[in-house]
Amino acid sequence: KNRIPIEVIEILEQLRDQGYKSFIVGGAVRDLLLGKNPKDYDICTDATPEQVKDIFKKVIDTGLKFGTVTVLNGAFSVEVTTFRKSRATENGKRIKIDSFSKSPEEDVKARDFTINGLLFDGDKITDLVEGLKDLAERRIKAIEDPQDRFNEDALRMIRAIRFHCQLGFEIEDATYASISGNAGMIQGVAQERIRDELVKILISNQPAKGLRILHHTGLLKFVLPELEACHHFDQKNVHHDKDVFDHTLAVIDHTPNDLTLRLSALLHDIAKPQTFSLDEKGVGHFYLHNLRGQELSKEILTRLKFDNKTIDIVGTLVCEHMSKLQVLRHSTIKRLINRVGRENIFQLIDLQIADEAASAPPHNFKILEALKKEIGRICDKNEPLAIRDLAIGGTDLIKLGFEPGPEMGKVLDMLLNRVLNNPKINKKEILVTIALQFKQE
Ligand code: ATP
Ligand code: MG
């Protein structure tokens, strides 16, 4: 109890002072018992949202329809939700209008897993679902009949896998079997909700394990059919001793824990089944792998309702993930930095290092380390990367007698090339001289 913020205890007690039942419930109780600090606290009560609003000064209507309001107390905001009862729906879609209940037991039984069904009143735990036992034995088990739970809300199938990845608990056999038997129901769930769980799987400590279970339960072919297609897709070349699915999972596991990077790892070879083919001699070739990879990544992330910035960056990283062989020339590195952006260029190198680590030996990390160092130097010195960084511009060139249009484009390109190879000459007088020489030739 002494680990619970006083602000949260106050809310519990004020509800009780007014004659209502109130408990901390769900993830917070689970995390407290596991010795972790909960990210947020949820309280459930028999008071209706209107009654909760009458008691507290600062209340936000978060989800009135679902019986949830957010109570602000000092630095804390706590979601306070009226007890609900479960109502099965036909196709596994989330219950739209929940019906309220007066009983904590009904509320707990409308939740997903036993470890998420514990109540804490500030003094003692109330366990109506054998959650304590499953917590001690590190088990993710649906409350009562898994089939009923997944019928009510099919997203719970992915949530089970997400909790497995976050907590390292095993999914209980009947629950697992029910996921396998009902995987198709995930098609009725909104993409945003699926995305939120996928994100949590990806930034957990064992993202690859989660994806493997998604595949094994049959969920993956509905959630990410493009990755499912990578399973058993053998690329038959010396760099890979695994199929594209296994390789992708290995890359994710080698990637630092960052959502953009993990998404890029997830999608880096997503176009391979479409872009890879063998010629008559049995030699593998890529056709527009980079561009198709970028396109497909954007398509997938758009479908999953990711934000535009994430879609853009991941698309770029996927497109450029193989741009590592031409590191010898200075100008190529700078053009690469310019395409990827200074903010994301190190993520690209991290992706490439993970890709290398997950491919068959011999590994060549040296070239990537050298590239990283060189990029660091270029960025530190703030060396020019693009036409916009040149010490001369279109207006200057017009004054020198150049025509706007293709001619000017050609001059600027030529000047950029010279400056990329030798940043010292990025001075107006020098560039003017070079431009005039070019004009005479
Ligand atoms: P996290 O640490 O990620 O917040 P959490 O267990 O708190 O994990 P939330 O999604 O915040 O998960 O949900 C809070 C609680 O609400 C859960 O512990 C569970 O009791 C209940 N819950 C949430 N989503 C569902 C659902 N789809 N079906 C049933 N119960 C749910
Ligand atoms: Mg939570």
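In this structure, the amide hydrogen of ILE171, modeled 1.01 Å from its nitrogen in the peptide plane, lies closer than 5 angstrom to those of ILE140, counting only residues at least 5 positions away or on a different chain.
For the chain, the longest principal axis of the alpha carbon atoms and the long axis of helix 289-303 meet at an angle near 30°. Extending 7 Å from the Cα toward the beta-carbon at both SER277 and LYS309 defines two label points whose distance is 4.1 nm. Each residue of the range 32-37 was assigned a 3J(HN,Hα) from its phi angle through the Karplus expression (A = 6.51, B = -1.76, C = 1.60, θ = phi - 60°), giving 4, 5, 7, x, 9, 8 Hz with x at Gly and Pro. Comparing LEU390, LEU296, LEU263 in a Gaussian network model of the chain where C-alpha atoms under 10 Å apart are linked, the largest mean-square fluctuation is found at LEU390. Between helix 173-182 and the chain there is an angle of about 60 degrees, using the helix long axis and the longest principal axis of the Cα atoms. Measure nothing fancy, just the Cα-based angle from helix 428-440's long axis to the longest principal axis of the chain, in degrees from 0 to 90, nearest 10. For 428-440 against the chain, the angle is about 60 degrees. Shape analysis of the chain places it in the prolate category; the axes a ≥ b ≥ c from the Cα gyration tensor give an a/c of at least 1.5, with a/b above b/c.
Take 112-120, 297-305 and order them by the average number of nearby Cβ atoms within 10 Å per residue, most first; the result is 112-120, 297-305. Computed from the C-alpha gyration tensor, the three semi-axes of the ellipsoid equivalent to the range 1-137 are 21, 21, 13 Å, from longest to shortest. Applying a threshold of 24 Å to the alpha-carbon distances of LYS36/LYS57; LYS53/LYS102; LYS85/LYS141; LYS209/LYS366; LYS65/LYS102 flags LYS36/LYS57; LYS209/LYS366 as lying beyond it.
When you count the other C-beta atoms within 10 angstrom of each residue and take the mean per peptide, 188-196, 269-277 line up highest first as 269-277, 188-196.
Computed from the coordinates by the stated procedures, all read-outs in this text should not be read as laboratory data. Because the structure is predicted, anything quoted here is derived from the model rather than measured. A quick note on method: Cβ atoms are made from the backbone with ideal geometry, for glycine too, and the neighbour counts reach across all protein chains shown.
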